[in-house]
Amino acid sequence: MSGKSDYLEGQSKRKNLIIDGIPESPGESWEESEYKVRELLRTELQMDEERIEVERAHRMGNGRGADKPRQIVVKFLRFKDKTAVMGRRNRLKGTNIFLNEDYPEAVRQKRKELIPAMKAERSKGNIAYIR
């Protein structure tokens, strides 16, 4: 049963992105979060934000302190919009903004377990990443 529920959770998060590093305003509404995401698409990623359809964008969880804004979960209307955004994430190098997949909890835990092996390979001079 767990495999099926993991699959369904993965499918429900397929069109989602997690954005980390966008400054947060006190009492920020989901509309303000969505506006900030659209500004990021337009300015940093140089995309036509009118063509990318965002179904919803909101902050995750409770506050993490003034120096660390909460992450934003972005749900796109189409998977290809999410893929197009992820394809331009290299334009964020040098900023403190990061785009990540919204993986199910089981996948996040497995990826976390693989990080030490990835770092060990990188320290040997090998190219290593987690897919």
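Tell me which residues, restricted to the range 75-85, are in contact with a strand residue (DSSP E or B) (Cβ under 6 Å, 6 or more places away or on another chain) and either more than 19 Å from His58 (Cβ to Cβ) or assigned to a helix (DSSP H, G or I) (or both). Listed by number, the list holds a single entry, Lys82. Between Leu17, Leu40, the distinction of being out of contact with any Phe, Trp or Tyr (no Cβ under 8 Å at 6 or more places or on another chain) and not charged (D, E, K, R) belongs to Leu40 only. Among all positions in the range 116-130, there is no residue which is touching a helix residue (DSSP H, G or I) at 6+ places or on another chain (Cβ under 7 Å), aromatic (Phe, Trp, Tyr) and in a strand (DSSP E or B). Note on the range 14-55: residues that are out of contact with any strand residue (DSSP E or B) (no Cβ under 8 Å at 6 or more places or on another chain), closer than 19 Å to Thr83 by Cβ and assigned to a loop (DSSP other than H, G, I, E, B) total 9.
Listed by first and then second residue, the pairs linking a residue in the range 119-131 that is modelled with pLDDT under 90 to a residue that is basic (Lys, Arg), with Cβ atoms under 7 Å apart and 6 or more places separating them unless they lie on different chains, are Ile130/Arg111.
Entry remark, the range 92-113: residues being surrounded by 14 or more Cβ atoms within 10 Å (Cβ to Cβ) and either part of a helix (DSSP H, G or I) or more than 20 Å from the chain's Cα centre (by Cα) (or both) number 4 in total.
The values are calculated or read from the model by the stated rules, or taken from the named source; none is laboratory data. Remember, it's a predicted structure, so these values are computed and weren't measured experimentally. When we count neighbours, we look across all protein chains shown, and the Cβ atoms used for this are built from the backbone with ideal geometry, even at glycine.
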